[in-house]
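Notes to accompany the following structure.
The values are calculated or read from the model by the stated rules, or taken from the named source; none is laboratory data. On a predicted model such as this, the values are computed, not experimentally measured, just so you know. Don't worry about glycine lacking a Cβ; one is built from the backbone with ideal geometry, like all the others, and counts go over all protein chains shown. For the accessible areas, the whole protein counts, side chains as well, though only heavy atoms, and no ligand, DNA or RNA atoms are used. Shrake-Rupley method; radii C 1.70, N 1.55, O 1.52, S 1.80 Å.
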Protein chains: 4
Amino acid sequence: MIIIMRAGAPKAHAERIVQEIETFKLTPVPMFGVERTVIAVIGDERNLSINQLEAFPGVEKVMRVLKPYKLVSRETKKEKTVITVNGVKIGHEKVVAAMAGPCSVESEEQMEEVCSKLQKLGIKLLRGGAYKPRTGPYSFQGLGPEGLDIMRRAADRHGMAVITEVLDIRDIDEVAAKADILQIGTRNMQNYALLKEVGKIQKPIMLKRGMNSTIEEWLLAAEYILANGNPNVILCERGIRTFEDATRNTLAIDAVPLVKELSHLPVIIDPTHGTGKKSLIEPMTKAGIAAGADGFIIEVHPNPEAALSDAQQQITPKEFATLLKNCKVIAQAVNKEIK
Amino acid sequence: MIIIMRAGAPKAHAERIVQEIETFKLTPVPMFGVERTVIAVIGDERNLSINQLEAFPGVEKVMRVLKPYKLVSRETKKEKTVITVNGVKIGHEKVVAAMAGPCSVESEEQMEEVCSKLQKLGIKLLRGGAYKPRTGPYSFQGLGPEGLDIMRRAADRHGMAVITEVLDIRDIDEVAAKADILQIGTRNMQNYALLKEVGKIQKPIMLKRGMNSTIEEWLLAAEYILANGNPNVILCERGIRTFEDATRNTLAIDAVPLVKELSHLPVIIDPTHGTGKKSLIEPMTKAGIAAGADGFIIEVHPNPEAALSDAQQQITPKEFATLLKNCKVIAQAVNKEIK
Amino acid sequence: MIIIMRAGAPKAHAERIVQEIETFKLTPVPMFGVERTVIAVIGDERNLSINQLEAFPGVEKVMRVLKPYKLVSRETKKEKTVITVNGVKIGHEKVVAAMAGPCSVESEEQMEEVCSKLQKLGIKLLRGGAYKPRTGPYSFQGLGPEGLDIMRRAADRHGMAVITEVLDIRDIDEVAAKADILQIGTRNMQNYALLKEVGKIQKPIMLKRGMNSTIEEWLLAAEYILANGNPNVILCERGIRTFEDATRNTLAIDAVPLVKELSHLPVIIDPTHGTGKKSLIEPMTKAGIAAGADGFIIEVHPNPEAALSDAQQQITPKEFATLLKNCKVIAQAVNKEIK
Amino acid sequence: MIIIMRAGAPKAHAERIVQEIETFKLTPVPMFGVERTVIAVIGDERNLSINQLEAFPGVEKVMRVLKPYKLVSRETKKEKTVITVNGVKIGHEKVVAAMAGPCSVESEEQMEEVCSKLQKLGIKLLRGGAYKPRTGPYSFQGLGPEGLDIMRRAADRHGMAVITEVLDIRDIDEVAAKADILQIGTRNMQNYALLKEVGKIQKPIMLKRGMNSTIEEWLLAAEYILANGNPNVILCERGIRTFEDATRNTLAIDAVPLVKELSHLPVIIDPTHGTGKKSLIEPMTKAGIAAGADGFIIEVHPNPEAALSDAQQQITPKEFATLLKNCKVIAQAVNKEIK
C-alpha cells in the first residue's frame, strides 16, 4: 500500500500514519520528497483498509499494491480450474463449452422441441429460465417450480445437463436439486446474501458479470463464493452498460483474455444478452472464441416470435445450427473443439 | 407503441404485425411511407411486449409511447406522497428531511456519542448499518442483530427514528421490528425477490438508485414495491457510475427534479456515497436542496479515522453541525425548513 | 512515482528500473516485499513517462504521485484567478456571472429582441453562436462572419460583451476582433492545435469540458492554453455522457467544488446543454450556484420554436427572467450576487 | 418521425404541430389515443428538426424513423466500398488489411529498422505519427515535417505506403503530399473544420471513432467527409471509454459487424489503443478478424522501452511476427487473407 500525503501536510500527520501501520505489524517506509511525503507499506496490506487510512488527517490518496482477492487469483493457483458437467470439461484448454436453450421455460412442448433439436446438434448443456428477473413487475416472471420440472424432464429425455438462474435464497435447494449448474444473474452479482449461500453448496455456479461492474468487483464476487467453500465457479461476460445505445449492451470481449490472466476460473461469453440483437450473435460468438473464451451461452427458441421473454434476441434451432457450424471453424483455428 | 419496419420489408410482414396487434384488442394504424412502413398502435400498449414484436420478421425497431410504470407515476396520482416518520413529513413541500448517523453500527458507546450529538442538532432520523454489503468478503460485514439492538436502544434514548439497510429476505421481519424505515441499497435495487417482500409490509422503504440504473429502471423497481402493496417508498439518488474517477460516483442532481416530474414519490439525496469525498459533501448537499430534494442522508461518525467502514467519507458531528447551518440558509431560500 | 513489479519478477528487472530512474537524476527507493517489489521515486516525476516505465520487463503497474498539470493548479497559484469582462468579475468570491443569449445568431431582429430584453434584466454578457458545430453535415452551420457582426452590433447597442465559439484556427483573429470571450466547445476540448493558438492571444477563453473527459484531462487542456501564454481561462462544466438517456447529458455539479479545490481558475456551469430539457434548467442552475459555481451560461431565444438549432432546450426571455429572480435568492444564500 | 404529445395536452397543440408539418410538404397522421395523442409524419423527415418540434408546446418527445445519414448508408449504396492502397484492397470480402508501425516517428534509424522487419513480414501499410495529439502540453508532440520526411523515405525504401495522422487544417497539404492515407484521430472525430477539409481531397481518410462517440455520431462524422466530396473513408474502431479501468479503453468489437450492416464503408480495428495492454493485443486482433473486420492497425516499435510515446502498448517486430502468424489462421477460418 502506498499513502500519499497532501502537499504541505505537517510531519506529525505522516508520523501518525507510520504508527498506525506499525499497529498492524506491517513495515512503513516514509519518503520525504520535495513536494510531498509518500509512505510505502511492506507486508500483506489486505489487513489494512484504504478507506480508513484515507480518513487520517493529511492524507491525499491511498493506493493498493496487491489485488484485493486471493482465492480466485492466478497467483494463488497457477493451474486452470476445469469443471466437468455432463462430460463437458469447462475450462479445459481444448474445449469450448456450448450452452443453449430458450430464455424462459414456457411449456413441455416448447422444451421438447428445442431439446430434440439441440440434442441432434450435440449440445450437452441446456439453458432455460424458470425464475426470471424482469425490469418491470408486470412482465412474465417465469413458471417457477413447474418450469424447473419441465426443464429437468426434457433434459433427461435428451441426455442434457441443466443450467438455470436462481434469484432467491429460498429457492436454492430446489434449484440445486433440479439443475446441474446454478446461474447468478447480472442483477444479483452483488447480492451478497445469495453469493454466500451458493458458496455453501458444491454444484457449479455460473456467475454473470454485473452490467456495470468492473472486472475487479466481478472477481471479488466470485471470491465470496470460493471463500464460503464452493470452488466451482464459471465466470460469464454478458455485456456491460455504456453510452452506446445501438446495442443493448457492449460485450466486453477483452474481459475474456484479461480475466484469464488474473484468475484460474473458466470464463465464457453470453452474446445474446451482450448484444441484444440477433444479427450480432454469430460474429460476437466467433470473436469470443477467437479471444479464448472457454464457452458460450446462447438463447435458442423454437419460435422466437411467440417467446414470453427476450423474443427479439433469441434465435431458432436452425439459425443456431448455422452459427455452430461457423463457430467450429474458429474453434479449430485456436486448437479447440466445441462440446 | 410504434413499430418501424425495415426498408424494403414485404407488405405481408406488416400485415402479420397488424394481425398480432388486433389479437390484443388494440388498434393498429399502418402508414406506408416512401422508404418504409410504420405501424402505430392505439390503446394501452402495456399489454404488448416490445421484445416480442421485435422478433417478428421485417421489424427494425419498436418504440414505446407510454411509460412502463403506472403506480409510481405522477400521471396516475397527481398529489405528492408524504411519508411521516417521527414527526418528519418526508415529501412535504416545506420540508427537507435530514437523516444522519454512522456508516456501520460499531458499539453502544459509538452510537450513544453520535446520537447525543445529533439530538442536540435536532436530528430526528438516525441512520446506521447493521448488515453491510461489502465488495469483498474479507471486509467487516456489520454487527447484524446485535447492531440492530444497539441502534434501536440509542435511538430510543434520544427520541430518534431508525433507518437501516436490509440485505436478505430472511432478515426483513427482524429489521422491520427494530427499524422505522427499511433501506434497499444500490446493489439490491434489482433484487426483485427482496423488492417483492418489502412490498408486503407497510413500513416505509427507502429505495436507493442502482449505481448503474436508469431513472426508468429505478421507478420500475419502486413499482415492484407499490404493486406488492406498500405505497410508502422514498427514492434516494446516491450517485451513478461514470467514466470519471476523481470521485467515487457522480451524484446525479438532475435526477431530483426529473423524478419529481415523473413520480409523486419523495426523492432525497445521499451526498456521502454520491461523492465519496468529505470536502464535496457540503456543496453537494446544498446543490441537492437547491434543486428541490425532499431530504438528505449523510454519514456522521464520532471518530471517522477509526470507523470500520467507509472511513474516508464520514464526517464528524462538528463538521455536520457546520454543514447543517450552511444548508439551512439554502433551504430557506427555497422556502423549506430542514427537519 | 511508484513502480510495482510483477510477483516473481527477477531482481535484475528491478535493478534495470533503478538505473533508468537514476538517468533522470531522480532518487529510486526499491522496497523488496514478500509478494513483490515496489520502487518509489523521489523528485519531480513529471520528467518521467508512466508509459515508458510500463514498457520495461517485469513492471506490472506505474502510479503517479504528483498531478500532471502545473500552471492551472491551486498548489502553484493559491489565489483565485478573477477575469473581468464588461465590469463582471468572473471568479470573484462574491459574484455569480450570468451569460445568456440564443444558441445561434439568426438575424438582426432576433438579436435586437433578445438583447433589449436581456439588458433590462441587467445581463452584461451575451452568448450566441456564429459558427456552430453540428453532429450532422446537413444541419444549420451558423451564419459565420455575418453572425459575428450582427451579434457585435446588438451587443454594442445594449452595452453587452460577447462570448462566442471558435471552431477553426483560421477564424481566431476574426472572432477575437469581434468577441470579448472566445469559447472552445466540448467537441474541441482536445483539439490541441486550436488550444495552442488561443493560448497565443490574451482574450479570455471559456473552455468547456469534453462530454467524455475526466476532470484531469480538462485541466490538462486548460494547461495547454496557459502554457502557451494565455492565463485567462474560464472553465465550463456542460454535462458528461453517461448511460442515462432521460436527459441529454448528466450535469456533473460535483465538478464545480472539485475543480475549485484543484485549480485557481473560475468554473461556471451550462445547464442548457447539461440537461437538454427546459424544465431542468432552473433547478440545475440553482444547484450549481449553491455548489459554488462562478457563473452560468443559458440559452435564451425570443421564440424557441422557430430557433434554427437546439430549439427544445432554449427558454424565452420571460422564462429566463423568472429563473433569474429565483436564482438570486440562492446566490444571496451563498453570499454572492448575480452580475 | 413520430411526435408524442403530453398526456392532457389540448387539441390545439396537436393541430399546431399538424400545420407545422404541412409547411414542410410532409403528411401528418394524428392519432388520438386514450391517454395521449401521437402524430406520425409520412415523407422524408430529414428536413424536419427533432429539436425544433420538441420546442412546441404540448410535445413530450419526438422520435426519428429514418437514419440521419445518407451517403454512408448501406441503404443508399448496397455494394461495399473497396479502397486500394499499395495493392491492398481494404474492404474486399477476402482481405484483412494489416497496418503496422511505431506510435511516433523518432529517427531515421528507428524507421529503417522497423520497416525492414515489417517488409520481411509482408506488410504493405506503414503507420507512424509525425504530429501527435498528447493529453498534456509537456509530452513529446512529434517530429512534425521532419518526421513525415523520415517516414516517407523509409516507406519508399521498403515498398510501403504511409498512413499518418493530421491534426491541424494547416498541415493537410503537406501530409497529403507525403502520406497515402490520412488519419483523423479519436479526439478530432468531431472537429468539423478538419472533416470538411479532408473531404475536399481524394486521398483515403481513416476516421477513428471518437472514444465517447456513438456509432451514429461516427457515421455522421464520415458523412461530413463524403458530403464534401471524398468517398474514400475507412472507419476504425479504437475502443470506447467505459467505467472499466483495468484497460485503457473497451474495444467495441460489436461495432465491426454492426457498422457493416449500416454502412458500405470498410471498418478496421485498433487493438493497441483499444486495450492499452500488450498482452491483450493478440487476442483482440483475433476477435476482430473473427467478427469480420476489414483490417487492423497495430503499434510496432523496434525497442518499445525507449519509445517516446505509448511505450507500454507497443510490441516488438518479433512479437508482431507471432501475432501475424496466429491471426492468419483466424483469417483463413473466415475465408480471408491478411495482406
- Query: Under a Cβ-Cβ cut-off of 10 Å, what is the net charge of the residues other than B:CYS103 that fall near it, where Lys and Arg count +1 and Asp and Glu count -1?
  - Reply: -1
- Query: Which distances, in nm and shortest first, link the B:GLN202 label point to the same label point in every other copy, taking 7 Å along Cα→Cβ?
  - Reply: 4.9, 7.4, 8.2
- Message: I'd like the projected area of segment B:146-207, averaged over all directions, using the convex hull of its alpha carbons. Report it in nm² with one decimal.
- Response: 4.0 nm²
- Task: List, in order, the whole-Hz ³J(HN,Hα) value for each residue of segment A:171-187 obtained from phi through the Karplus relation with A = 6.51, B = -1.76, C = 1.60 and θ = phi - 60°; use x for Gly and Pro.
- Result: 9, 4, 4, 5, 5, 5, 6, 9, 9, 9, 9, 9, 9, 9, x, 4, 6
- Query: Given a 1.4 Å probe and every protein chain left where it sits, what share in percent of the accessible area of segment A:219-274 is carbon and sulfur?
  - Reply: 44 percent
- Using only alpha carbon pairs under 8 Å that are at least six residues apart, calculate the relative contact order of chain C and give it in whole percent. 16 percent
- Message: Please compute the modelled spin-label separation between D:LYS61 and D:LYS77, points set 7 Å along Cα→Cβ, answer in nm with one decimal.
- Response: 3.5 nm
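Checking the a/c ratio against 1.5 first, then a/b against b/c, what shape does the Cα gyration tensor give for segment D:67-204?
On the way: a/c = 2.16, a/b = 1.22, b/c = 1.77.
Oblate, because a/c is 1.5 or more while a/b does not exceed b/c.
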- Assigned charges on the beta-carbon of Lys, Arg, Asp, Glu; the protein assembly as shown dipole about Cα centre (debye): 0 debye
- Task: State the percentage of accessible surface on segment D:38-165 attributable to carbon and sulfur atoms; use a 1.4 Å probe and exclude ligands, DNA and RNA.
- Result: 50 percent
- Using amide H atoms built 1.01 Å from N in the peptide plane, name the residues 5+ places from C:ILE240, or on other chains, whose amide H lies under 5 Å from its own. C:THR250, C:LEU251, C:ALA252
- Computed over segment B:1-160, the relative contact order (Cα-Cα under 8 Å, seq sep at least six) in percent reads 17 percent
- Message: Expected output is a single nm value to one decimal: the length gained when fully extending between A:SER116 and A:VAL34, i.e. 0.36 nm times separation in residues minus the C-alpha distance. What is it?
- Response: 22.2 nm
- Item | Total accessible surface hidden between D and A, rounded to 100 Å², 1.4 Å probe | 2600 Å²
- Per residue value of the accessible surface for the protein assembly as shown (all protein chains in place, 1.4 Å probe), Å²: 33 Å²
- Message: Using only Cα atoms and rounding to the nearest 10 degrees, what angle (0 to 90) does helix C:278-290 make with the longest principal axis of chain C?
- Response: 60 degrees
- Message: Which positions within segment C:127-142 get 10 Å² or more of their accessible surface covered by the other protein chains, compared to the chain by itself, with a 1.4 angstrom probe?
- Response: C:PRO133, C:ARG134, C:THR135, C:GLY136, C:PRO137, C:TYR138, C:GLN141
- Query: For the cross-link pairs B:LYS67/B:LYS336; C:LYS203/D:LYS208; B:LYS61/D:LYS70; C:LYS132/C:LYS277; D:LYS178/D:LYS277, which exceed 27 Å when the distance is taken from alpha carbon to alpha carbon?
  - Reply: B:LYS67/B:LYS336; C:LYS203/D:LYS208; D:LYS178/D:LYS277
- Is it possible to state the helix-based mean residue ellipticity at 222 nm for chain A, with each DSSP H run of 4+ residues giving -39500 (n - 2.57), the sum divided by total residues, to the nearest 500 deg cm²/dmol? What is it? -10000 deg cm²/dmol
- Task: From other protein chains only, count the Cβ atoms within 10 Å of every residue's Cβ in C:191-204, then give the mean.
- Result: 3
- Which whole-Hz couplings ³J(HN,Hα) result when phi for each residue of segment B:188-201 is put into the Karplus expression 6.51 cos²θ - 1.76 cosθ + 1.60, θ = phi - 60°, listed in order with x for Gly and Pro? 10, 4, 10, 8, 5, 4, 5, 4, 4, 5, 6, x, 8, 9
- Using just the alpha carbons, could you tell me how many Å³ per residue the convex hull of chain B encloses? 157 Å³
- In peptide C:28-34, how many Cβ atoms from other protein chains are near each Cβ within 10 Å, on average? 4
- Query: Out of the DSSP beta bridges found with both residues in the protein assembly as shown, what percent are antiparallel (nearest 5)?
  - Reply: 40 percent
- Once the label point is placed 7 Å from Cα along Cβ, list for C:GLU93 the distances to the corresponding points in the other copies, in nm, shortest first. 3.8, 6.7, 7.2
- Item | Vicinal HN-Hα couplings computed from phi for segment D:209-223 (Karplus, 6.51 cos²θ - 1.76 cosθ + 1.60; Hz; Gly/Pro x) | 6, x, 5, 10, 9, 6, 4, 5, 5, 5, 5, 5, 5, 5, 4
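Normalising by the residue count of segment A:193-266, find the relative contact order in percent from Cα pairs under 8 Å and 6+ residues apart.
With pairs under 8 Å counted, the relative contact order is 31 percent.
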- Cα gyration tensor of the protein assembly as shown, axes a ≥ b ≥ c as square roots of the eigenvalues: rounded (a/c below 1.5), prolate (a/b > b/c) or oblate? rounded
- Query: Between B:HIS92, B:TYR131, B:MET63, whose Cα lies farthest towards the positive end of the dipole of segment B:63-215 when Lys and Arg beta carbons carry +1 and Asp and Glu beta carbons carry -1, centred on the Cα centre?
  - Reply: B:MET63
- Query: Once you sort the root eigenvalues of the Cα gyration tensor of segment B:149-257 as a ≥ b ≥ c, which label holds: rounded (a/c under 1.5), prolate (a/b larger than b/c) or oblate (the other case)?
  - Reply: oblate
- In straight Cα distance, which aspartates and glutamates are under 17 Å from D:LYS89, not counting same-chain residues fewer than 8 positions off? D:GLU79, D:ASP180, D:ASP294, D:GLU337
- Kindly tabulate the residues in segment C:307-336 with an accessible-area decrease of at least 40 Å² between the chain alone and the assembly of all protein chains, using a probe of 1.4 Å. C:GLN312, C:ILE330, C:ALA333
- Item | Estimated FRET transfer efficiency when R0 is 56 angstrom, pair D:ASP245-A:ALA176 (beta carbons, to 0.05) | 0.95
- Message: I want the antiparallel fraction of DSSP beta bridges within chain D, as a percent rounded to 5.
- Response: 40 percent
